[in-house]
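To start, the structure itself, in structure tokens.
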Amino acid sequence: MSEQQPTSKFMQNGVVKWIEHRMPIFSFIDHSVGSGYPAPKNLNYWWNFGSLAGLALIIMIVSGIVLVMHYTPHTTLAFNSVERIMRDVNGGWLIRYLHMNGASFFFIAVYIHIFRGLYFGSYKYPRELLWIIGVLILLAMMATAFMGYVLPWGQMSYWGATVITNLFSAIPVVGESLVTLLWGGFVVDNPTLNRFFSLHYLLPFVILGLVIMHIWALHTFGSNNPTGVDVKGPQDTIPFHPYFTIKDLYGMGVFMLIFLFFVFFAPNYFGEADNYIPADSLATPPHIVPEWYFLPSYAILRAFTNEFILYWPVSWLMTAKLAGVIAMFGSIILLALIPWLDTSKVRSARYRPVYKWFFWIFVLDWIVLGMVGAHPAEGIWVVLGQVATTYYFAHLLVILPILGVLERPLATPESISASVTQPAE
Amino acid sequence: MSDTASTPPSAEIDEQTRRDFLLVSTATVGAVGTALSLWPFVNSLNPAADTLALATTEVNLAPIAEGQSITVVWQGKPVFIRHRTKAEIEQAKADDSAALPDPAKDADRVIKPDWLVMVGVCTHLGCIPLGQKEGEPKGDFGGWFCPCHGSHYDTSGRIRKGPAPLNLPVPTYEFQSDTQVKIG
Amino acid sequence: MMKPTIKTAFAAVLTAAAVSVAALAPTTAQAAAAGPKPEVQDWTFKGLFGTFDRASVQRGYQVYKEVCAACHSLNLIKFRNLADIGYSEAQVKALAAEYEIEDGPNDDGEMFMRKRTPSDPMPSPFPNAKAAAAANGGKAPPDLSLITKARAQGGDSVIKVSMKHPGGFTIGADYVYALLTGYEEAPDGFEMPPGGSYNKYFPGHVIAMAPPLVEEGVEFSDGTKATVSQMAHDVTMFLAWTAEPELEARKRLGVKVMLFLLALTGMLYALKRKIWSDIH
């Protein structure tokens with residue numbers, strides 16, 4: 001159709017031809033996100049969250065680079081330098097709030113992106129490596145977010161850093177020395193702040209590199225789709241441009257509307273009030289809570305007490321503290337093994353009547369873990385945290401493998417085109 | 001697909017025009033929005049409110065005797081304040097008619113002839129000229145001398161010899177009283 | 001054969017999940033220790049178009065200056081900032097000049113005292129945190145610059161429901177106001193340590209700060225009657241401004257940005273519909 005025409009006219013341009021001959025960048029772009037990249041025609045709006053995460057990464061890098069120009073990484077100056085950004089730097093409050101809330105929205109986009117992958121089986125052959133790179137991106141994001149949160153040097157920054165770095169002391173034999181090494185001192189202090197600042201600037205570019213690999217792997221076989229059925233031919237696809245470029249742009253508009261609503265009208269909604277108190281190494285806040293995106297992991301960490309049933313089998317081997325640390329990191333790393341833990345031959349939950357329900361229970365379980373993480377470990381929250389943690393691991397290690405064998409899936413459509421003419425669900 | 005019909009029916013043309021119009025207007029609004037959203041990032045590099053709050057400097061002139069100079073810091077730059085002697089003022093006025101690379105009347109460079117206030121940064125490449133303290137070289141014209149590349153300034157701070165293109169700049173300043181100036 | 005088994009297991013899990021959700025309903029024990037939830041106040045700075053009531057903020061500055069400043073610093077506020085709440089340049093200069101600050105060293109290498117200028121910070125009641133703690137029974141009175149952002153659920157927010165705070169979302173300004181007006185007689189049998197005061201809203205109810213506001217404690221130049229609740233209201237408004245001085249600019253810009261984005265997103269949606277019309 002007519003979209004092809006401007007592209008080809010563009011390719012006839014003398015300058016374009018000169019560059020293209022020496023470095024075929026225009027055809028590279030066209031094959032990446034242009035009319036030369038065929039995408040399944042039935043992708044729904046859940047497929048928007050990849051590009052939204054990419055947008056969030058760009059917002060974070062741009063706002064972060066500008067913030068660094070005004071920030072001072074020193075324990076005596078960091079807090080006030082952030083407040084100077086908020087008060088004196090032209091539009092500094094906007095840039096700081098963009099960065100602060102951008103982190104939350106980056107995680108929102110990525111978590112939805114992950115759950116979309118889980119629902120539609122996007123991790124199955126031949127996209128296992130694509131999925132594993134995705135898990136690495138999540139890990140790098142978590143490390144980046146954690147270190148970034150330390151930089152304003154408020155009470156939550158300081159005590160969050162203390163608690164999380166102390167996790168490593170659970171490691172037998174070398175634990176204590178490792179923590180001292182991480183700190184560069186005997187407590188979290190100026191050396192810690194400076195190394196976290198350095199790594200917080202480095203890691204986003206590692207994430208960027210991983211994202212490029214993620215997209216590379218994606219383009220090798222193309223996108224999965226809501227039916228989970230492989231693309232059979234050109235009748236199943238439409239060119240990425242203009243169909244998905246405009247759909248992604250529209251999604252970005254909606255995303256920015258919600259994101260900027262928080263930036264302008266509820267900028268501290270996702271934050272903790274205690275972080276507006278300067279760090280004090282002699283007074284711990286009543287309850288230390290990590291940022292919301294760490295709450296499920298935090299709940300898993302805290303679930304491991306001496307009374308916890310999942311701890312019993314390993315209690316002769318390690319302390320509950322170490323078991324909690326291993327479980328917390330394990331809960332993320334285990335995600336990388338899902339392509340093998342899920343034994344079902346069918347990709348999409350649309351045709352897996354039982355998995356579909358377990359998927360939503362898993363989402364619910366994850367939300368419950370998040371709420372447990374937000375509350376002090378007392379009363380009902382302890383039990384709830386342990387039940388939810390048990391279910392989390394049961395879902396990945398027991399339900400997924402068994403379900404793939406026992407479940408009787410529905411008939412999958414012949415092809416994507418066939419599913420469009422006779423809609424499923 | 002459009003290749004199938006070489007002359008599309010008019011309804012399709014209409015549809016096409018409407019779509020092109022929507023595309024162009026959306027792209028324009030989007031481009032404007034993107035450009036505007038970059039402005040806060042650029043503007044954040046301009047001097048911040050605390051920097052601007054220190055943009056003026058007040059100086060008490062009372063302790064400066066005739067023939068003495070002081071250097072004060074204004075916006076991070078040295079400002080030369082010289083209590084000129086009668087001879088220097090006469091010389092400066094006489095040189096109004098000399099061959100000047102950057103012609104300016106002495107009367108236009110001072111508010112009160114006794115007090116010469118100017119930014120002490122050589123207009124060549126930004127060094128700080130000598131001549132403020134007793135015993136420092138004052139150049140061939142009895143004013144200031146820049147040691148970096150040999151620019152000579154006269155008793156009105158005008159460039160007379162050497163590579164500098166312009167006179168030493170006079171900042172905006174005002175006399176708040178006979179013995180108090182506010183620079184900036 | 002197989003299906004019922006799975007269904008039974010599934011039903012069990014679903015029931016467990018329902019029970020967990022039901023368990024979330026009762027509020028936590030910690031809420032009880034923190035005292036009653038502060039009442040929601042009708043601040044002028046709330047909402048999409050909120051602004052600080054200038055007269056109230058200025059009265060609040062007077063309350064801070066005459067009452068709070070005896071113990072609490074306001075480190076992040078410079079006198080020049082007062083121009084934002086309606087003081088003229090000359091007034092700001094005069095307010096600053098009421099205090100001295102150490103400067104130097106001068107050309108003789110000695111420190112000297114001079115009058116404060118608009119670019120100087122507000123004076124601190126104590127030379128350092130140790131001195132502040134020593135003079136106040138071992139605990140330094142907190143700096144107030146960010147107090148409404150640093151208490152309860154923080155700064156002003158248009159969104160008031162939260163999964164993280166199922167017990168209720170309270171902004172810091174409401175808490176500060178409640179605290180200032182929440183002093184009362186300790187209930188019978190309550191053990192009050194020496195030097196403490198009973199406050200309904202303070203976590204644990206024992207607060208080291210004696211009731212700071214007394215009726216007619218200050219005299220407002222605009223004739224407003226200085227009741228405790230009036231002074232508490234005004235000083236909280238002032239502190240809300242010191243915590244979020246960007247609030248008005250933020251909301252003004254926010255409304256414009258939202259309108260622009262709504263238009264752009266609407267156009268993108270229309271274009272998306274147009275482009276996809278030959279697919280559907």
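The values are calculated or read from the model by the stated rules, or taken from the named source; none is laboratory data. The shown structure was predicted, so the numbers you read here are calculated from the model rather than taken from an experiment. Backbone-built Cβ (ideal geometry, glycine too); neighbour counts: all protein chains shown. Note: accessible area is taken over every heavy atom of the protein model, side chains too, but ligands, DNA and RNA are not part of it. Shrake-Rupley method; radii C 1.70, N 1.55, O 1.52, S 1.80 Å.
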Report summary line: Condition set hydrophobic (A, V, I, L, M, F, W, C) and part of a helix (DSSP H, G or I), scope region A:287-297, selection nearest to the other protein chains (Cβ to nearest Cβ): answer is A:W292
Query raised in the report: Pairs under 9 Å by beta carbon, first residue open to solvent by less than 60 Å² (accessible area, probe 1.4 Å) in region B:32-54, partner among the small types (G, A, S) and outside any helix (DSSP H, G or I), six or more apart or different chains?
Result: B:P40/A:G91; B:F41/A:G91; B:N43/A:G91; B:S44/A:G91; B:D50/C:S119; B:A53/C:S119
**Report entry** A:A283, sole failed condition from (1) open to solvent by 20 Å² or more (accessible area, probe 1.4 Å); (2) in contact with a helix residue (DSSP H, G or I) (Cβ under 6 Å, 6 or more places away or on another chain); (3) at pLDDT below 95
**Finding:** (2)
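Among the residues of region A:155-184, write down those that are loosely packed, with under 14 Cβ neighbours inside 10 Å and touching a helix residue (DSSP H, G or I) at 6+ places or on another chain (Cβ under 6 Å). Please lay out each step first, then the result.
Taking region A:155-184 and keeping what is loosely packed, with under 14 Cβ neighbours inside 10 Å, we get A:172-174, A:176-177, A:181.
Hit for region A:155-184 is A:E176, nothing else.
Being more than 24 Å from B:A65 (Cα to Cα) and either open to solvent by 40 Å² or more (accessible area, probe 1.4 Å) or of a type in the set (K, R) (or both): is that true of B:P113 here? Steps first, please.
On the way: more than 24 Å from B:A65 (Cα to Cα): no; either open to solvent by 40 Å² or more (accessible area, probe 1.4 Å) or of a type in the set (K, R) (or both): yes.
Taking the combined requirement at face value, the residue does not satisfy it.
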Requested in this report: Would you be able to say whether some residue in region B:83-100 is in contact with a strand residue (DSSP E or B) (Cβ under 6 Å, 6 or more places away or on another chain) and farther than 10 Å from B:S156 by Cβ?
Outcome: no
Report summary line: The correct count of residues that are assigned to a loop (DSSP other than H, G, I, E, B), within 18 Å of B:A99 (Cβ to Cβ) and open to solvent by 30 Å² or more (accessible area, probe 1.4 Å) in region B:140-184 is 6
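Looking at region B:116-140 only, could you name the residues that are among the charged types (D, E, K, R) and either in contact with a Pro (Cβ under 8 Å, 6 or more places away or on another chain) or closer than 20 Å to B:E66 by Cβ (or both)?
Matches in region B:116-140: B:K133, B:E134, B:E136, B:K138.
With C:R114, C:R80, C:R151 as the choices, which residue is open to solvent by 30 Å² or more (accessible area, probe 1.4 Å) and touching a strand residue (DSSP E or B) at 6+ places or on another chain (Cβ under 6 Å)? Step through it out loud before you land on a result.
On the way: C:R80 fails: touching a strand residue (DSSP E or B) at 6+ places or on another chain (Cβ under 6 Å); C:R151 fails: touching a strand residue (DSSP E or B) at 6+ places or on another chain (Cβ under 6 Å).
The conditions single out C:R114.
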Query - Qualifying positions in region A:230-250 - touching a residue at least 12 places away in the same chain (Cβ under 8 Å), out of contact with any strand residue (DSSP E or B) (no Cβ under 9 Å at 6 or more places or on another chain) and within 19 Å of A:K345 (Cα to Cα) - result: A:K232
Query raised in the report: Just a yes or no: is a residue in region C:156-167 facing another protein chain (nearest Cβ under 10 Å) and acidic (D, E)?
Result: yes
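Given A:I95, A:I108, A:I133, which one is crowded, with 23+ Cβ neighbours inside 10 Å, at pLDDT 95 or above and either away from every other protein chain (no Cβ under 14 Å) or in a helix (DSSP H, G or I) (or both)?
Values: A:I108 fails: crowded, with 23+ Cβ neighbours inside 10 Å; A:I133 fails: crowded, with 23+ Cβ neighbours inside 10 Å.
Of A:I95, A:I108, A:I133, the one residue that is crowded, with 23+ Cβ neighbours inside 10 Å, at pLDDT 95 or above and either away from every other protein chain (no Cβ under 14 Å) or in a helix (DSSP H, G or I) (or both) is A:I95.
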Query raised in the report: If you take the residues in region A:185-205 that are free of Cβ contacts under 8 Å to residues at least 24 places away in the same chain and over 20 Å from the mean Cα position of the chain (by Cα), which one is most open to solvent (accessible area, probe 1.4 Å)?
Result: A:F186
Query raised in the report: Which ones in region B:80-128 are under 18 Å from the mean Cα position of the chain (by Cα) and of a type in the set (K, R)?
Result: B:R109
Query raised in the report: Of (1) open to solvent by less than 60 Å² (accessible area, probe 1.4 Å); (2) more than 21 Å from the chain's Cα centre (by Cα); (3) modelled with pLDDT of 90 or more, A:T7 satisfies all except one. Which?
Result: (3)
Requested in this report: Filter region C:227-256 for residues that are surrounded by fewer than 22 Cβ atoms within 10 Å (Cβ to Cβ), part of a loop (DSSP other than H, G, I, E, B) and within 9 Å of chain A (Cβ to nearest Cβ) and give the result.
Outcome: C:P245, C:E246
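Can you tell me which residue in region A:254-286 is farthest from A:N44 (Cα to Cα), limited to those that are of a type in the set (S, T, Y) and more than 8 Å from chain C (Cβ to nearest Cβ)?
We begin by selecting, within region A:254-286, every residue of a type in the set (S, T, Y); these are A:269, A:276, A:281, A:284.
From what's left, more than 8 Å from chain C (Cβ to nearest Cβ): A:281, A:284.
Numbers: A:S281: 50, A:T284: 47 Å.
This residue is A:S281.
Per-residue answers, yes or no, for (1) open to solvent by less than 20 Å² (accessible area, probe 1.4 Å); (2) among the β-branched types (V, I, T); (3) part of a helix (DSSP H, G or I):
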{"position": "A:T343", "(1), (2), (3)": "no, yes, no"}
{"position": "A:Y355", "(1), (2), (3)": "yes, no, yes"}
{"position": "A:I361", "(1), (2), (3)": "yes, yes, yes"}
{"position": "A:L364", "(1), (2), (3)": "no, no, yes"}
{"position": "A:L369", "(1), (2), (3)": "yes, no, yes"}
{"position": "A:G373", "(1), (2), (3)": "yes, no, yes"}
{"position": "A:E378", "(1), (2), (3)": "no, no, no"}
{"position": "A:V383", "(1), (2), (3)": "no, yes, yes"}
{"position": "A:H395", "(1), (2), (3)": "yes, no, yes"}
Query raised in the report: What is the residue count in region B:55-91 for residues that are assigned to a loop (DSSP other than H, G, I, E, B) and either closer than 22 Å to B:L130 by Cβ or open to solvent by 50 Å² or more (accessible area, probe 1.4 Å) (or both)?
Result: 12
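Determine whether A:S315 is within 14 Å of chain C (Cβ to nearest Cβ), open to solvent by less than 80 Å² (accessible area, probe 1.4 Å) and over 22 Å from the mean Cα position of the chain (by Cα). Write out each step before concluding.
Numbers: within 14 Å of chain C (Cβ to nearest Cβ): no; open to solvent by less than 80 Å² (accessible area, probe 1.4 Å): yes; over 22 Å from the mean Cα position of the chain (by Cα): yes.
Here the answer is no, as A:S315 does not meet what is asked.
So, A:G251, is that one at the interface with chain C (Cβ under 7 Å from one of its Cβ atoms), of a type outside the set (D, E, K, R) and under 24 Å from the mean Cα position of the chain (by Cα) or not?
Working: at the interface with chain C (Cβ under 7 Å from one of its Cβ atoms): no; of a type outside the set (D, E, K, R): yes; under 24 Å from the mean Cα position of the chain (by Cα): yes.
Here the answer is no, as A:G251 does not meet what is asked.
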Query raised in the report: A:M60 versus (1) closer than 24 Å to C:E246 by Cβ; (2) more than 14 Å from chain B (Cβ to nearest Cβ); (3) surrounded by 22 or more Cβ atoms within 10 Å (Cβ to Cβ): which is the lone unmet condition?
Result: (2)
Report task. Kindly check whether there is at least one residue in region A:209-224 that is over 17 Å from A:G50 (Cβ atoms) and not charged (D, E, K, R). Result -> no
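Determine whether region C:257-277 contains at least one residue that is open to solvent by 60 Å² or more (accessible area, probe 1.4 Å), farther than 27 Å from C:G50 by Cβ and either hydrophobic (A, V, I, L, M, F, W, C) or in contact (Cβ under 8 Å) with a residue 40 or more places away in the chain (or both).
No - not one qualifying residue is present in region C:257-277.
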Query raised in the report: With (1) assigned to a helix (DSSP H, G or I); (2) facing chain C (nearest Cβ under 9 Å) as the list, and A:T390 as the residue in question, which single condition is left unmet?
Result: (2)
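Given the criteria under 26 Å from the mean Cα position of the chain (by Cα) and open to solvent by 40 Å² or more (accessible area, probe 1.4 Å), does A:Y45 qualify? Write out each step before concluding.
Working: under 26 Å from the mean Cα position of the chain (by Cα): yes; open to solvent by 40 Å² or more (accessible area, probe 1.4 Å): yes.
Taking the combined requirement at face value, the residue satisfies it.
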